[in-house]
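Below: the structure, in structure tokens.
The values are calculated or read from the model by the stated rules, or taken from the named source; none is laboratory data. All values derive from a computational prediction rather than experimental measurement. Here the Cβ positions follow ideal geometry from the backbone for every residue, glycine too, while neighbour counts run over all protein chains shown.
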Amino acid sequence: MSVIIGTDGDDTIVGTDQADVITGLAGNDTINARGGNDVIDAGTGANTITAGDGDDTVILRGFGDRVDGGAGSDLLDGSNLTGGGDFRAFYSYIWQANTTGGVDVLYSIARAPFPPQITTNSTSIGFERFIGSTTLANAFEFQGLVQDIEATGGNGSDTFIGGQGADIFRGGGGNDRATIGSADRLFGDAGNDTFSLVTGTTLAVGTTIAGGSGLDTLALAISGTVSTVDLSTGAFGEMRFSEIENISLTQDATYAGSVQTVTVNGDAGANTLTLTGAPLINVRFFGGVGNDSLTVTGTGHFLSGGEGDDVLTGAGILEGDAGNDTISITGGVARGGIGDDLLVVSNGAQGYGGDGNDRFSGVNQVSPAALWDGGAGDDVFTVNIDGGLSGAIRILEVVGGSGFDTIDASQTFLNLTAQMLTGQSFSLTGSGQGSGQAFSIIGRADGIERILGSARADDLRLDGLTTSIEIRAGGGDDIVIGGLSADLLSGGADNDLLEGRDGNDRLLGDGGNDILRGGTGDDRLDGGDGNDTIDGGLGQDIAVFGFSADAATFSYENGSIVVTHVSGRDVLTGIETLEFTDAVLTVGSDGRVVLQPLTDLVGTAGNDRLAGGAGRDFLIGLAGNDILIGGGNFDRLDGGDGVDVALYSGVRRQYGATQSIMAGGPEGGTDTLISIEELRFVDGALTFDVNSVAAQVMRLYDTTLDRQPDQPGLDVQIRALASGATTLQGLANAFVASDEFQNRYGTLSNQQFVEQLYRFSLDREGDAPGIAAQVNALNTGTSRAALVVAFSESPEHRTLTQPVLNAGLWVADEKALQIARLYDATLDRLPDAAGLAGQLAALNGGTSLLQLAANFVGSAEFQDRYGALSNQQFVEQLYRFCLDREGDAPGIAAQVNALNSGTSRAQLVLAFSESAEHIALTAPLYSGGIRTSDVAFNAALVEDESNKPIDGHPQVMIQADDALPVTKAEEAQVLASTAGYDPGQIVVGFKLVEDAFVLPAQDDLTPLVLPEPGLLDTTAPEQVSLPFLTGDRMLTLSNPEDVTLDNANPWHLGTDTDGWMMQ
């Protein structure tokens, strides 16, 4: 071996046939290494290098070298090449005839801003392996070669075009682009890489693509009439691929004019599918659990997003499935599925929202007529027609489904007209811009609960409507007429005419000089600013004013009461009560008002419990954490300092509530709330407390997942944090480890993580010093979870999320949910409000959940349904009524065996009731407040909508409306699994001690299971019929021979096979 070092001049260096190390240094050198496995460092200058035979390595340090690798497996190393600006390192080869008639392969590397044109006249070159520049963007282009090439890129954005051999490319860092050849193995490594299969390429076994980290794309020119791209298994024909997030489809030129079908199976990641310029390709996409983005041109496609928050754009059948999906459809059928979806519908497409709070938007022109069906949930149907555009929108029918559904025409800039049609349908039309603009909607009145009018003059008449509706007309001089039920009518700005007609209505004049007519029923009429004329009509009607009584003066004209105030002059007739912020005036028999003073009750600086009476009370808590109970009538509750609670005796859905107003419920009247942090009901609490556990969890959802919490998830996390089972730091760790978080943040560097945290948490770009400080904290040991908590609880983030708290966060009472589920499991119905309150009081008073279940089972209502059934029939019906499905044979057999072996029907019912399946199935009935059978929708109690935008982030809150289905059968929603009981896994032990049967201590919610009476051996005092479970506390049951149904002991032995039960 020789070591040969040149000079800085133009050297001619000849090596040996051994393994030489040759260094050219500066100058334009000519180097012939001859045989052996040589290492040749070209140095700077324009050098000509012949490596010769052997496995040689040529190291390049500058541009303009001409190299010939010769025989052997040779490596060309350009890792040291550098340059500035947009220059790239392009590897090209030229061919030169030699004197013996063969060809010398001369390798050239150049620095240029654009790739050169490559022309080849041979099928092999003298180098087999290439290492690109570490810093420059490398271009490896080897079209026409049949030999195998191995190339490695650097940190730039490299390109690779292989030849006809089995090539290997490793991209390294940067966003690389590689063309797929037959049997190639391509590795993207870091960066957002693209791998393209071009027209005319035939794949061979062994073709392998590995995207590496980053968002990588597989661009396929589709050949063949039927193809499958499977992201879950990583297969496309003979190609195998992995770590690919995006699929881009085009049509192979050889199949132009042919109809092709491509099936794409997504994986668990966030997949992106793009089809452009190929109208004859029909795509069938089946998504996984990730947040997929699917965009296709042409028609006839089927896109199914699967779980996750998907974005689907195209025509055909587009299904979002589970998740909060966005579907933009230009023809065909869109189905949102489960979740809060956005459907942008045009060209006559049909839209079905499915479960969840969905939004529909009609863009400019819809023709022919279409159908929009919101399904379950609180849906919004938005008609978008720009005032400067011509054309007509015609939507055949809007079906709201269950929930509180809205038609929003506020952005149409048209005059709206609504009128009743045959049956309980109505038409809503818009016209008046003079350039052919118009729209027409036919709505199912029994499925639409709210209409939002335009800023122009609307004429909205729904007299004859039997269901309640809320109409907010917006600006303009509007006419709004309600129907036969309790309606909420709002005129908005300008001079409006509002008529409630029948029912207990709520009329809001807002600004302008309005006319309000209550009609029959007990109405609430609020004229707002301006000179209003208010006629209550029949019933006990209330005129509402948003200021104190001291700010008004009263006079009487022609039998009317005139109220003069700073913002107008109102004339009242047919009014029985005048309600101000600080007083209530009743109208006496002489037609004059009578002041009813408030009764003051003032607390101390400590934690007080203040309870008012049936009259009007003013409760003042002062400092401390107080509980205020207004009682009946119109009360004023001022919590003062501290975390204060207003306590109400009904379920949430009996009330309309905001942070400042509480109306309805068993108490009646309307309470004014000041400095109240929580409203507590039988079935849970509505909290406004910025420091509450619920608020901390809500902020954590927003910081980590950039969304508001789903109700089941919020409830679970609140219980975990409130019970001490975890800390806020521990909860943040769980969020950071979640799949949803990892899908968004997991592959980001600390720098990228911090930048995204600023965007998602604080809705802004981070400042450079702030980013640097947070990145340094992560680099020096601070965990991502700790940083998440710091962002989540920062003053800036608290301010950003305050509007959510202003609307209120609902925190369900778990015991109330258990009782509601028992009603469904045993009686297949919603609870009545009084029954729910009574059962909850018993449970809080010490009665066990199992005993409550036994009481339900012993009720006449239960016995009428189940009592005469055999165990087999009982189990089959339990599956149907409780789980809304037929039972599987093994499951039925296991439950029947349990009953035959001593499990009581009460115990089995409780196990079904608290099973994960039943909890998930009934969750929509209780989200935001337990729905009860005796609480009808009353639009007069709907709270102020100013803090509840219908667009933007979903918020966890509840309205006093008919927002949820009457039965769980109307909700096909599948929620996240919740821990519960497996009815087939019930274990109990007991024994006879002296004259009493003793059961061991059980967990609070675990059913206590006793065998059938025939299995009890009362003659063997120490016999244990099942394994005895020890515990600190025991429940004793008297020996049956000492028990009769008439004595004081409530335990008795059932007359059938139910075993022991509570009388």
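For every residue, the table says whether it meets (1) part of a strand (DSSP E or B); (2) without any contact (Cβ under 8 Å) to a residue 60 or more places away in the chain; (3) among the polar types (S, T, N, Q).
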{"position": "Asn607", "(1), (2), (3)": "no, yes, yes"}
{"position": "Leu610", "(1), (2), (3)": "yes, yes, no"}
{"position": "Phe618", "(1), (2), (3)": "yes, yes, no"}
{"position": "Asn625", "(1), (2), (3)": "no, yes, yes"}
{"position": "Phe634", "(1), (2), (3)": "no, yes, no"}
{"position": "Leu637", "(1), (2), (3)": "yes, yes, no"}
{"position": "Gly656", "(1), (2), (3)": "yes, no, no"}
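Results for (1) modelled with pLDDT of 90 or more; (2) in the same structural domain as Asp379 (by TED's automatic domain parsing); (3) crowded, with 24+ Cβ neighbours inside 10 Å, shown as yes or no for each residue.
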| site | (1), (2), (3) |
| --- | --- |
| Thr295 | no, yes, no |
| Leu312 | yes, yes, yes |
| Ile317 | yes, yes, no |
| Thr326 | yes, yes, no |
| Gly332 | no, yes, no |
Residue under evaluation Thr412, criteria (1) surrounded by fewer than 24 Cβ atoms within 10 Å (Cβ to Cβ); (2) in contact with a strand residue (DSSP E or B) (Cβ under 7 Å, 6 or more places away or on another chain); (3) modelled with pLDDT under 85; (4) in a loop (DSSP other than H, G, I, E, B), criterion not met
(1)
Filter the range 896-922 down to residues that are part of a loop (DSSP other than H, G, I, E, B) and either in contact with a strand residue (DSSP E or B) (Cβ under 8 Å, 6 or more places away or on another chain) or of a type in the set (S, T, N, Q) (or both), then give me how many there are.
4
Going through the range 808-829 one residue at a time, which ones are of a type in the set (A, V, I, L, M), surrounded by fewer than 22 Cβ atoms within 10 Å (Cβ to Cβ) and within 24 Å of the chain's Cα centre (by Cα)?
Leu817
Flag for Ile338 being in contact (Cβ under 8 Å) with a residue 60 or more places away in the chain and assigned by TED's automatic domain parsing to the domain that holds Val398:
yes
Could you give me the residue pairs with C-beta distances under 8 Å whose first residue belongs to the range 819-839 and is basic (Lys, Arg), whose second residue is crowded, with 21+ Cβ neighbours inside 10 Å wherever it lies, and which are 6+ apart or on separate chains?
Arg821/Ser913; Arg821/Glu914; Arg821/His918; Arg821/Ile919; Arg821/Thr922; Arg829/Tyr823
Test: Ala253 is at pLDDT below 85, buried (at least 21 other Cβ atoms within 10 Å of the Cβ) and either more than 17 Å from the chain's Cα centre (by Cα) or closer than 26 Å to Thr747 by Cα (or both)
no
Residue satisfying condition, being closer than 23 Å to Asp252 by Cα and surrounded by 20 or more Cβ atoms within 10 Å (Cβ to Cβ), within set Asn291, Asn271, Asn265
Asn271
In contact with a Leu (Cβ under 9 Å, 6 or more places away or on another chain) and under 27 Å from Asp310 (Cα atoms), is that true of Ser749?
no
State yes or no: is Val775 more than 20 Å from Arg699 (Cα to Cα), out of contact with any strand residue (DSSP E or B) (no Cβ under 9 Å at 6 or more places or on another chain), in a helix (DSSP H, G or I) and without any contact (Cβ under 8 Å) to a residue 60 or more places away in the chain?
yes
Filtered residue count, the range 440-467, keeping only those that are among the aliphatic types (A, V, I, L, M), surrounded by fewer than 22 Cβ atoms within 10 Å (Cβ to Cβ) and in a strand (DSSP E or B):
1
Look at Val544 and say whether it is under 23 Å from Phe634 (Cβ atoms), in contact (Cβ under 8 Å) with a residue 12 or more places away in the chain and crowded, with 18+ Cβ neighbours inside 10 Å.
yes
Complete set of residues in the range 666-691 that are at pLDDT 90 or above and either among the small types (Gly, Ala, Ser) or part of a strand (DSSP E or B) (or both)
Leu673, Ile674, Ser675, Glu678, Leu679, Arg680, Phe681, Gly684, Ala685, Leu686, Thr687
Looking across the range 344-353 at residues that are surrounded by 24 or more Cβ atoms within 10 Å (Cβ to Cβ) and either over 23 Å from Gln711 (Cα atoms) or of a type in the set (Phe, Trp, Tyr) (or both), the single one that is farthest from the chain's Cα centre (by Cα) is Ala349
Only unsatisfied item for Gln717, checking (1) surrounded by 22 or more Cβ atoms within 10 Å (Cβ to Cβ); (2) under 23 Å from Leu836 (Cα atoms); (3) at pLDDT below 90; (4) not small (Gly, Ala, Ser), is (2)
Can you name the number of the only condition in (1) within 28 Å of Gly374 (Cβ to Cβ); (2) touching a residue at least 24 places away in the same chain (Cβ under 8 Å) that Asp502 fails?
(2)
Failed item in (1) of a type outside the set (Phe, Trp, Tyr); (2) free of Cβ contacts under 8 Å to residues at least 40 places away in the same chain; (3) farther than 18 Å from Val289 by Cα, with Gln742 passing the rest:
(3)
Could you grab me the full set of residues in the range 547-581 that are assigned to a strand (DSSP E or B) and without any contact (Cβ under 8 Å) to a residue 24 or more places away in the chain?
Thr553, Ser555, Glu557, Ser560, Val562, Val563, Thr564, His565
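Listed here are the residues, each with its yes/no results for (1) among the β-branched types (Val, Ile, Thr); (2) in the same structural domain as Thr782 (by TED's automatic domain parsing).
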site: Asp626; (1), (2): no, no
site: Asn633; (1), (2): no, no
site: Gly640; (1), (2): no, no
site: Val697; (1), (2): yes, yes
site: Thr727; (1), (2): yes, yes
site: Leu731; (1), (2): no, yes
Taking the condition touching a residue at least 60 places away in the same chain (Cβ under 8 Å), among the hydroxyl-bearing types (Ser, Thr, Tyr), under 21 Å from Tyr745 (Cα atoms) and not assigned by TED's automatic domain parsing to the domain that holds Gly305, does Ser213 pass?
yes
